[in-house]
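Beneath this line is the structure, given in structure tokens, with notes to follow.
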């Protein structure tokens, strides 16, 4: 089964995107496999509204491991079963917490394995593209199957942010989305179906 990996800095909306995209694809319950950097793995079944309450948070580094769920993506007259994987958020600089460093290293290793990488950026903030985003993009784009999702397009200030993102990455496909309101998901679904 091919993997679609969702990456980005902390608090850009990666987990909201993964859960709402699963709902957009027709799921009301998800079985999430939590793969920790130390090799421990566990599974848990959630109703989507409960998953959003438990897994999405405002604090830094709410996601501390890879969180994978299987989804079916329509592709023509058939469906493709893929592994949609949320990842720990990157931050500028090296985290002091060893667990966060291990989670970031785990995500970097996973980029090599993924068939498609969706890099989420927060278009609503002036610093939508940080140095860590540029480094991630340089690393991820060399392996093919790399798309940028400009998130939070439901906010008025995101329009300017989208232009900044597109100017920073003129050769990359940038899809404007709102993970919260599931906007742009039709385009994301088409990209996922085409690349996996």
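The values are calculated or read from the model by the stated rules, or taken from the named source; none is laboratory data. Because the structure is a prediction, the values reported are computed rather than measured. Note that each Cβ is placed from the backbone with ideal geometry, even for glycine, and that neighbours are counted across all protein chains shown.
Out of 96, 134, 81, one residue alone is in contact with a strand residue (DSSP E or B) (Cβ under 6 Å, 6 or more places away or on another chain) and loosely packed, with under 13 Cβ neighbours inside 10 Å. It is 81.
Quick one: is residue 83 assigned to a strand (DSSP E or B) and either in contact with a helix residue (DSSP H, G or I) (Cβ under 7 Å, 6 or more places away or on another chain) or at pLDDT 95 or above (or both)?
It is true that residue 83 is assigned to a strand (DSSP E or B) and either in contact with a helix residue (DSSP H, G or I) (Cβ under 7 Å, 6 or more places away or on another chain) or at pLDDT 95 or above (or both).
Each residue in the range 132-158 was checked for being farther than 16 Å from residue 114 by Cβ, outside any loop (DSSP other than H, G, I, E, B) and at pLDDT 95 or above, and 3 of them qualify. Flag set for residue 67, criterion: closer than 29 Å to residue 128 by Cα and buried (at least 16 other Cβ atoms within 10 Å of the Cβ).
The residue of the range 172-196 that is nearest to the chain's Cα centre (by Cα), among those that are under 19 Å from residue 159 (Cα atoms) and part of a loop (DSSP other than H, G, I, E, B), is 179.
Restricting attention to the range 158-182, the residues that are at negative phi and surrounded by 15 or more Cβ atoms within 10 Å (Cβ to Cβ) total 16. When we screen 57, 39, 8, 13 for residues that are closer than 18 Å to residue 107 by Cα and free of Cβ contacts under 8 Å to residues at least 12 places away in the same chain, the only hit is 39.
Pick from 195, 151: which is surrounded by fewer than 21 Cβ atoms within 10 Å (Cβ to Cβ) and closer than 16 Å to residue 6 by Cβ? Give the steps one after another, and end with the answer.
Values: 151 fails: surrounded by fewer than 21 Cβ atoms within 10 Å (Cβ to Cβ).
Testing whether each residue is surrounded by fewer than 21 Cβ atoms within 10 Å (Cβ to Cβ) and closer than 16 Å to residue 6 by Cβ leaves just 195.
Among all residues of the range 119-130, there is at least one that is without any contact (Cβ under 8 Å) to a residue 24 or more places away in the chain, under 20 Å from residue 11 (Cβ atoms) and either touching a helix residue (DSSP H, G or I) at 6+ places or on another chain (Cβ under 7 Å) or outside any helix (DSSP H, G or I) (or both).
When you check residue 112 against the structure, is it touching a residue at least 12 places away in the same chain (Cβ under 8 Å) and not in a helix (DSSP H, G or I), yes or no? Outline the logic, then answer.
Values: touching a residue at least 12 places away in the same chain (Cβ under 8 Å): yes; not in a helix (DSSP H, G or I): no.
It is false that residue 112 is touching a residue at least 12 places away in the same chain (Cβ under 8 Å) and not in a helix (DSSP H, G or I).
Residues that are over 22 Å from residue 114 (Cβ atoms): which strands (runs of 3 or more DSSP E) entirely in the range 1-65 hold 3 or more of them?
Values: elements: 3-8, 29-35, 41-47.
Where strands (runs of 3 or more DSSP E) fall fully within the range 1-65 and carry at least 3 residues being over 22 Å from residue 114 (Cβ atoms), they are 41-47.
Applying the set (1) at pLDDT 90 or above; (2) under 18 Å from the mean Cα position of the chain (by Cα); (3) more than 21 Å from residue 11 (Cα to Cα); (4) loosely packed, with under 13 Cβ neighbours inside 10 Å to residue 115 leaves exactly one unmet item: (4).
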